[in-house]
Amino acid sequence: MLWAVAGVVTLGFLIALEFAARRYGGEPGPLVTQAKELVFPPKPGPLYAGLALTMVVLTWRQRFIAAAFAIGIDVVFVLGRWAADVKVTDGRYFGNGALWAMLGVAVVAITRRSGRERVLLLKGVGLGLLLVAGRKIGDTWLMITWETRPSVLDQYVATADHALGNPSWVAGRILKATEPIGDHILDLVYAHLAVAAIVVALYQLRNVAAERRFPTHHLVRTFLVIGLVGPAFYMLFPVVGPVFAYGPGTSGTGGVEWATANIWPHTPPSIGIPHAFTYDTLTPRNCMPSLHTAWATAIFIHSRKGARWVRYGGAFWLAATISATLGFGYHYGADVIAGVVFALTIEAGVRLFDRGPDRSGILLIAYGTTVFTAFLLSYRFLPLTMAEHPWIFGPLLILATLSVIYAYLRVTRQWDAKPALPTLEPEPQHPEPQPELV
């Protein structure tokens with residue numbers, strides 16, 4: 001029943017996004033875009049990563065069959081497009097087969113399986129398709145932000161960022177000094193965050209096929225919830241980032257002609273009364289909070305109980321992602337600490353959902369929400385005061401972030417020491433045989 005309700009809610013959300021995409025951008029939304037990729041050349045997205053996630057519920061023999069099926073369909077599509085001289089944009093030749101393979105697993109589950117085995121297979125397909133749809137949902141959200149939020153609040157965040165020492169300007173200059181090695185490494189990390197998430201998720205789900213059940217909690221759930229809830233704050237607090245608002249921008253988006261000044265990363269902005277200003281209709285308002293930081297924080301949290309290489313990888317990815325978000329000018333320091341608090345609050349909420357009512361968990365979520373709200377309100381209404389008193393507000397922001405981290409560690413360690421009692425499924429009842437009437 002719970003999975004059915006979640007499925008209905010997700011479908012309703014996707015339909016709403018479909019209507020919003022057509023209304024504001026005149027473009028198809030995530031549902032139609034995903035359906036078209038059954039036949040048309042796929043756009044960039046984690047199609048084979050979604051298939052890999054689905055495969056955690058399959059045996060090794062079934063995995064080889066699914067992979068061969070996917071690759072075979074892709075070969076047929078590629079040869080067909082080559083024969084018909086179909087031009088492929090974005091250089092994406094493969095991916096249709098992965099989508100067909102996931103749908104094939106769903107068909108087998110519905111027609112050839114029953115009971116818990118059917119549910120397990122459908123869960124695997126659902127997670128894979130949600131991962132694939134996540135990219136489409138994100139693209140739709142970003143399009144809605146630039147269509148509905150022409151004015152941005154970068155001056156407010158940049159002013160408040162003086163309290164933290166303008167870390168994006170500092171990181172940008174450090175990254176410039178390490179070219180070309182430093183920026184290439186961080187660009188790979190920043191662009192392949194989903195790959196790191198898939199690696200950690202597959203490590204967590206490696207025993208699903210053998211145990212025929214999913215673990216109580218895993219990274220994919222937190223990752224999807226962050227992506228679902230986070231963009232709502234892009235609408236409430238539209239920000240484009242320092243490289244756009246104070247610098248040259250990047251290829252295909254706004255830049256100098258829309259920026260308030262071309263000073264990033266060499267000269268921090270002067271302190272003055274901030275104002276909202278109009279920006280282009282191409283650049284996503286996707287800064288507040290930094291979801292890249294939130295996702296990297298989730299990866300770090302879920303890597304802590306893994307093997308040594310998983311723990312080291314999670315720590316590296318978090319440090320490199322934060323360095324990239326600041327060094328490339330995509331985020332301010334204020335966005336980054338907001339992303340950390342946001343991720344810990346979401347993670348606590350997802351874990352509390354499994355445990356049921358728990359006073360310490362409810363208080364943790366309430367505290368994280370309060371700190372996150374206080375950050376946004378202070379950036380919006382107290383930026384000038386924060387900039388003029390950096391030795392007061394800078395430590396306050398850092399201490400508030402550390403307090404949420406401490407509260408999260410304290411509560412979750414208690415949960416780990418005293419796990420919630422599992423809900424036992426009742427044994428099937430076998431009625432006693434009754435004498436038949438003669």
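Numbers at a glance
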{"read-out": "3J(HN,Hα) from dihedral phi, the range 383-398, Karplus parametrisation 6.51/-1.76/1.60, rounded to Hz, x for glycine, proline", "value": "x, 5, 4, 5, 5, 7, 10, x, 6, 9, 7, x, x, 4, 5, 5"}
{"read-out": "Residues of type lysines that LYS87 reaches as a straight line, Cα spacing below 22 Å, ignoring anything fewer than 8 places off in the same chain", "value": "LYS36, LYS43, LYS136"}
{"read-out": "Normalised contact order of the range 203-280, rounded percent, pairs of Cα under 8 Å and 6 or more residues apart", "value": "17 percent"}
{"read-out": "Surrounding net charge for ASP354, when Lys and Arg each add one and Asp and Glu each subtract one, Cβ distance under 13 Å", "value": "0"}
{"read-out": "Stretch gain in nm, segment VAL229-THR250, where the contour uses 0.36 nm per residue and the Cα spacing is subtracted", "value": "4.9 nm"}
{"read-out": "Where labels lie 7 Å past Cα in the beta-carbon direction, separation of ILE271 and GLU211 in nm", "value": "5.4 nm"}
{"read-out": "Separation in nanometres of the label points that stand 7 Å from Cα toward Cβ, at LEU282 and ALA68", "value": "4.8 nm"}
{"read-out": "Kirkwood-based shape ratio for the range 10-165, expressed as Rg/Rh from alpha carbons", "value": "1.10"}
{"read-out": "Cα pair distances exceeding 15 angstrom across the range 201-245, given as percent", "value": "62 percent"}
{"read-out": "Distance between modelled label sites at ASP85 and TRP60, nm, 7 Å Cα→Cβ extension", "value": "4.8 nm"}
{"read-out": "Computed Rg/Rh of the range 1-74, alpha carbon atoms with Kirkwood Rh", "value": "1.07"}
{"read-out": "Rounded to the nearest 10 Å², the accessible area of THR412 at probe 1.4 Å", "value": "10 Å²"}
{"read-out": "Longest exposed-site-free window of the chain, the sites being GluC sites (Glu not before Pro) in a DSSP loop that have at most 16 other C-beta atoms within 10 Å", "value": "1-256"}
{"read-out": "Point-charge dipole on Cβ atoms (K/R +1, D/E -1) for the chain, about Cα centre, debye to 20", "value": "940 debye"}
{"read-out": "For the range 344-361, 3J(HN,Hα) per residue [Karplus equation, 6.51 cos²θ - 1.76 cosθ + 1.60, θ = phi - 60°, Hz, x = Gly/Pro]", "value": "5, 5, 5, 4, 5, x, 5, 5, 5, 4, 6, 7, x, x, 8, 4, 5, x"}
{"read-out": "Equivalent ellipsoid, the range 6-49 (semi-axes from 5 times Cα gyration tensor eigenvalues, Å)", "value": "19, 16, 8"}
{"read-out": "The range 66-166, relative contact order in percent, only Cα pairs under 8 angstrom and at least six apart counted", "value": "21 percent"}
{"read-out": "q = 0.11, 0.12, 0.13 Å⁻¹: log10 I(q)/I(0) that the Debye formula gives for the chain, counting C-alpha atoms only", "value": "-0.94, -1.11, -1.27"}
{"read-out": "Average accessible area per residue (Å²) across the chain - probe 1.4 Å, nucleic acids and ligands excluded", "value": "52 Å²"}
{"read-out": "Kirkwood Rh, Cα atoms: Rg over Rh of the range 214-273", "value": "1.22"}
{"read-out": "Accessible surface of the range 15-84, 1.4 Å probe, proportion on carbon and sulfur as whole %", "value": "75 percent"}
{"read-out": "Measure of compaction for the range 141-199 (Cα Rg per 2.2 N^0.38 Å)", "value": "1.53"}
{"read-out": "Global form of the range 193-295, assessed from the alpha-carbon gyration tensor, a/c cut-off 1.5", "value": "prolate"}
{"read-out": "Mean separation of Cα contacts under 8 Å, 6 or more apart, over the residue count of the chain: relative contact order %", "value": "18 percent"}
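The values are calculated or read from the model by the stated rules, or taken from the named source; none is laboratory data. In this text the structure is predicted, and so the values were computed from the model without any measurement. No Cβ is skipped: glycine too gets one built from the backbone with ideal geometry, and neighbour counts run over all protein chains shown. Side chains included, ligands, DNA and RNA excluded: accessible areas come from the protein's heavy atoms. Shrake-Rupley method; radii C 1.70, N 1.55, O 1.52, S 1.80 Å.
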